[in-house]
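Accompanying notes for the structure given below.
The values are calculated or read from the model by the stated rules, or taken from the named source; none is laboratory data. As the structure is a computational prediction, the values presented were derived from the model and not from experiment. FYI the Cβ positions are ideal-geometry reconstructions off the backbone, even for glycines, and counts take in every protein chain you see.
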């Protein structure tokens, strides 16, 4: 199937190219490698990094922007694939946390995922692996950002900015794609200018696959529909109203491959080492041990508005209002633990548990900001002050069975059985969590030019966080317990940029952040008694445009420390206390260059030295020191590189895309180590005409066998997809 798709696509391209050459049509070859000059990106504003309208060059932080064009060229179909392509980040499709991200040594809720600049909740709760078709761009700010978005955002922020209407006329685009694992995608969008001051846009997408990871019984479907109306009756007023709806479902949710002992492995790989002698067996590459009827899925809808009003004399108002509702289901086998061979299972077995978790969430947010661009004592000054209010209702029924509540399975000949429907098996956990979370915040930012080349940037934010958390224990006659913690954190940042030359800018900043000891909406009642953890970061770097604006270079060094994480009381190991600490320090470098009219190169490298500087855990009743160990899912280095070359004689572009992630541990004991990996993709694109392009893409061309992330339990490893191919047709009209 794979060879057929790839061969057919390449052959078709070859025939069309020959016909084109014989016809003598002269289509400009450089239109396949479209996009602005790299240096221009540094002078664009990045709204995610500041509300002051600062450009990327003026922002004293590492900012990365991935446009819709970038995502199409690189073949990034879903959120996880896009997040995984961010320099210095890796992403995994953990069933409970689709598209979870590790960045700068921290993972999960430490990386905030925004929807058009609004943080709905902890990323591990709300993030889904949606189709990237709906994003105009993805903006990434690295390092603590609580000063902008409240609790969380210790390692950074990823903002998914949806496509919006424009008043530049009627136009649209569409895409059809088919590839390995019976993966089909169809998407289209249209912008219609109704009048001189009204435009609308609508986008829809549908994806289905037997499995994006080539795993048994793992059918995947996702749909998206986004629409918005722009009303701009005059130059000083703009009103946007938008509705977004996404739906997804993953049958037989992929839990990753469970580890087995080397003694029973039929084809042991070297992709992992462990102190307990466990290995990844390639013979289990396609197996799925979830019972029939297991699935995960989500249905979410967002309604939002944005009003921008220019008051005059440099003053302006911006108001964001959002309402969000979602249901999410996680019905799966949460544990798949290897058990040594017995007479009944000579190959060993996987002892399983089952769980049913449901989310019913409603959220609304109001944010008002007043801004001014003017002068103080003859110096250019920009500032913003504002307030934010949001409220969340979150109901979370959870049921968990003990390991062994359903039949064990043979690793190599699994009889998975059916998912139990009776509540009687859920004896470990059978509770309903009910949370109400209200946040009131005030914020301010300022940017003062001491000279035309020297800019000072500062900001502060105060949050009043009120949580009402109730738990109904259905295994204990409906006993109800509750907690009502309140928090009042202050976050701030101070930074500066200095233009050595018009093309070279130096920057530095100090930032702070706060986040709870666990996800604020799902934390146990015991955890609600703890204070928020605190984070602080120092970063310095350079942003430069070279080669007459045909290339950019950015570099950063940083150090992030998180204090007051949970650890064990040295005097009473059975007791959890705050006082642990985690630290990361590292280097990031990115280069992008239009070397010639035909050749475009980009590369990014990151090095992260992350460790627990103070942490102990309880193991079999004994306090064990983890100080010096590396946090889970944290590679020490990553590499992203791409090359695009367009022929002079034909409108054909060849692309090569390389990704590397160093090895990582799956547990805080650092006893299970997943080796690093390299993945090579390639593409050939032929421009049929000015508005239509056919692309043949090969993914993981070397068929690398590797673990991309770990989840729960720590002995399950999510394997990267094997070699695959696809053919994609895109059109503009």
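Counting just the residues of the range 399-422 that are touching a helix residue (DSSP H, G or I) at 6+ places or on another chain (Cβ under 8 Å) and outside any loop (DSSP other than H, G, I, E, B), which one comes out nearest to residue 293 (Cα to Cα)?
As a first pass, look at the range 399-422 and keep what is touching a helix residue (DSSP H, G or I) at 6+ places or on another chain (Cβ under 8 Å): 399, 401, 405-406, 411-412.
Going one step further and asking which of them are outside any loop (DSSP other than H, G, I, E, B), we end up with 399, 406.
Details: 399: 16, 406: 14 Å.
Out of the qualifying residues, it is 406.
Tell me, please, whether a residue that is within 26 Å of residue 655 (Cα to Cα), in a strand (DSSP E or B), within 12 Å of the chain's Cα centre (by Cα) and at pLDDT 95 or above can be found in the range 92-100.
There is no residue in the range 92-100 that is within 26 Å of residue 655 (Cα to Cα), in a strand (DSSP E or B), within 12 Å of the chain's Cα centre (by Cα) and at pLDDT 95 or above.
Give the number of residues within the range 703-733 that are within 21 Å of the chain's Cα centre (by Cα) and either assigned to a strand (DSSP E or B) or under 16 Å from residue 284 (Cα atoms) (or both).
The qualifying residues number 11.
Give just the number: which of (1) at pLDDT below 95; (2) surrounded by fewer than 17 Cβ atoms within 10 Å (Cβ to Cβ); (3) outside any loop (DSSP other than H, G, I, E, B) does residue 658 not satisfy?
(1)
Is at least one residue of the range 179-194 in contact (Cβ under 8 Å) with a residue 12 or more places away in the chain, in a strand (DSSP E or B), touching a strand residue (DSSP E or B) at 6+ places or on another chain (Cβ under 7 Å) and over 28 Å from residue 728 (Cα atoms)?
Going through the range 179-194, the residues in contact (Cβ under 8 Å) with a residue 12 or more places away in the chain turn out to be 179-193.
When the remaining residues are screened for being in a strand (DSSP E or B), the result is 179, 183-193.
Filter once more, so that each one left must be touching a strand residue (DSSP E or B) at 6+ places or on another chain (Cβ under 7 Å): 179, 183-193.
When the remaining residues are screened for being over 28 Å from residue 728 (Cα atoms), the result is 193.
Checked the range 179-194: at least one residue is in contact (Cβ under 8 Å) with a residue 12 or more places away in the chain, in a strand (DSSP E or B), touching a strand residue (DSSP E or B) at 6+ places or on another chain (Cβ under 7 Å) and over 28 Å from residue 728 (Cα atoms).
To keep it simple, each residue is scored yes or no on (1) in contact with a helix residue (DSSP H, G or I) (Cβ under 9 Å, 6 or more places away or on another chain); (2) within 22 Å of residue 519 (Cβ to Cβ).
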{"residue": "74", "(1), (2)": "yes, no"}
{"residue": "77", "(1), (2)": "yes, no"}
{"residue": "80", "(1), (2)": "no, yes"}
{"residue": "89", "(1), (2)": "yes, yes"}
{"residue": "93", "(1), (2)": "yes, yes"}
{"residue": "98", "(1), (2)": "yes, yes"}
{"residue": "108", "(1), (2)": "yes, yes"}
{"residue": "112", "(1), (2)": "yes, yes"}
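Kindly indicate which of 86, 140, 157, 73 is part of a loop (DSSP other than H, G, I, E, B) and modelled with pLDDT of 95 or more.
Details: 140 fails: part of a loop (DSSP other than H, G, I, E, B); 157 fails: part of a loop (DSSP other than H, G, I, E, B); 73 fails: part of a loop (DSSP other than H, G, I, E, B).
Answer to the selection: 86.
What are the residue pairs meeting all of these: first residue in the range 370-388, first residue in contact (Cβ under 8 Å) with a residue 40 or more places away in the chain, second residue surrounded by 15 or more Cβ atoms within 10 Å (Cβ to Cβ) and part of a loop (DSSP other than H, G, I, E, B), Cβ atoms under 6 Å, and 6 or more apart or on different chains?
So the pair list comes out as 382/52; 384/51; 384/52.
Quick check on residue 568: is it at pLDDT below 95, touching a strand residue (DSSP E or B) at 6+ places or on another chain (Cβ under 6 Å) and assigned to a strand (DSSP E or B)?
Numbers: at pLDDT below 95: yes; touching a strand residue (DSSP E or B) at 6+ places or on another chain (Cβ under 6 Å): yes; assigned to a strand (DSSP E or B): yes.
Yes: the conditions hold for residue 568.
Condition check: in contact (Cβ under 8 Å) with a residue 24 or more places away in the chain, in contact with a helix residue (DSSP H, G or I) (Cβ under 7 Å, 6 or more places away or on another chain) and closer than 30 Å to residue 700 by Cβ. Does residue 646 satisfy that?
Working: in contact (Cβ under 8 Å) with a residue 24 or more places away in the chain: yes; in contact with a helix residue (DSSP H, G or I) (Cβ under 7 Å, 6 or more places away or on another chain): yes; closer than 30 Å to residue 700 by Cβ: yes.
Spelling it out, residue 646 is indeed in contact (Cβ under 8 Å) with a residue 24 or more places away in the chain, in contact with a helix residue (DSSP H, G or I) (Cβ under 7 Å, 6 or more places away or on another chain) and closer than 30 Å to residue 700 by Cβ.
Would you point out which residue out of 206, 217 is closer than 28 Å to residue 255 by Cβ and under 24 Å from the mean Cα position of the chain (by Cα)? Explain how you work it out, then say what you get.
Details: 217 fails: under 24 Å from the mean Cα position of the chain (by Cα).
Exactly one of 206, 217 is closer than 28 Å to residue 255 by Cβ and under 24 Å from the mean Cα position of the chain (by Cα), namely 206.
Of all residues being assigned to a loop (DSSP other than H, G, I, E, B) and in contact with a helix residue (DSSP H, G or I) (Cβ under 9 Å, 6 or more places away or on another chain) in the range 589-636, which is surrounded by the fewest Cβ atoms within 10 Å (Cβ to Cβ)? Just the residue, please. First the steps, then the outcome.
Residues of the range 589-636 that are assigned to a loop (DSSP other than H, G, I, E, B), as a first pass: 595-598, 615, 620-621, 626-636.
Now drop any that are not in contact with a helix residue (DSSP H, G or I) (Cβ under 9 Å, 6 or more places away or on another chain), which leaves 597-598, 633.
Working: 597: 12, 598: 16, 633: 24.
Among them, the one singled out is 597.
For the range 515-552, which positions are under 30 Å from residue 39 (Cβ atoms) and crowded, with 18+ Cβ neighbours inside 10 Å? Talk me through it step by step, then tell me what you get.
Narrowing the range 515-552 to residues under 30 Å from residue 39 (Cβ atoms): 537-552.
Passing the criteria: 537, 539, 541, 543, 544, 545, 551, 552.
Exactly one of (1) outside any strand (DSSP E or B); (2) in contact with a helix residue (DSSP H, G or I) (Cβ under 9 Å, 6 or more places away or on another chain) is unmet by residue 543. Its number?
Of everything listed in (1) outside any strand (DSSP E or B); (2) in contact with a helix residue (DSSP H, G or I) (Cβ under 9 Å, 6 or more places away or on another chain), residue 543 misses just condition (1).
Residue 166 fails exactly one of the following numbered conditions: (1) surrounded by fewer than 21 Cβ atoms within 10 Å (Cβ to Cβ); (2) out of contact with any strand residue (DSSP E or B) (no Cβ under 8 Å at 6 or more places or on another chain); (3) not in a strand (DSSP E or B). What is the number of that condition?
Every listed condition holds for residue 166 apart from (2).
Restricting the search to the range 277-294, which residues are crowded, with 18+ Cβ neighbours inside 10 Å and in a strand (DSSP E or B)? Steps first, answer last, please.
Applying the first criterion (crowded, with 18+ Cβ neighbours inside 10 Å) to the range 277-294 yields 278-281, 284, 287-291, 294.
If the condition is that a residue be crowded, with 18+ Cβ neighbours inside 10 Å and in a strand (DSSP E or B), then 278, 279, 281 are the ones that fit.
Step by step: first the residues of the range 471-513, then only those that are assigned to a loop (DSSP other than H, G, I, E, B) and more than 22 Å from residue 395 (Cβ to Cβ), then the one that is farthest from the chain's Cα centre (by Cα). Which residue is that?
From the range 471-513, those assigned to a loop (DSSP other than H, G, I, E, B) are 477-478, 484-485, 488-489, 502-503; that's our starting set.
Retained after the next criterion (residues that are more than 22 Å from residue 395 (Cβ to Cβ)): 488-489, 502-503.
Details: 488: 28, 489: 25, 502: 34, 503: 31 Å.
The selected residue is 502.
Rundown of residues vs (1) surrounded by 24 or more Cβ atoms within 10 Å (Cβ to Cβ); (2) more than 16 Å from the chain's Cα centre (by Cα); (3) at pLDDT below 95; (4) assigned to a strand (DSSP E or B), yes/no style:
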| site | (1), (2), (3), (4) |
| --- | --- |
| 40 | no, yes, yes, no |
| 50 | yes, yes, yes, no |
| 66 | no, no, no, yes |
| 102 | yes, no, no, yes |
| 125 | no, no, yes, no |
| 133 | yes, no, no, no |
| 136 | no, no, no, yes |
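What is the number of the single condition among (1) assigned to a strand (DSSP E or B); (2) farther than 30 Å from residue 187 by Cβ that residue 305 does not meet?
The failed condition is (2).
Can you tell me which of 642, 685 is touching a strand residue (DSSP E or B) at 6+ places or on another chain (Cβ under 9 Å), crowded, with 22+ Cβ neighbours inside 10 Å, modelled with pLDDT of 95 or more and within 27 Å of residue 184 (Cα to Cα)? Break it down stepwise before answering.
On the way: 642 fails: crowded, with 22+ Cβ neighbours inside 10 Å.
One residue alone meets the criteria, 685.
Within the range 639-655, how many residues turn out to be over 18 Å from residue 721 (Cβ atoms) and in a strand (DSSP E or B)? Break it down into steps so the answer makes sense when it comes.
Looking only at the range 639-655, we keep the residues that are over 18 Å from residue 721 (Cβ atoms), and these are 639, 641-655.
In the following step, the residues that additionally are in a strand (DSSP E or B) were identified as 639, 641-646, 652-655.
Matching residues across the range 639-655 total 11.
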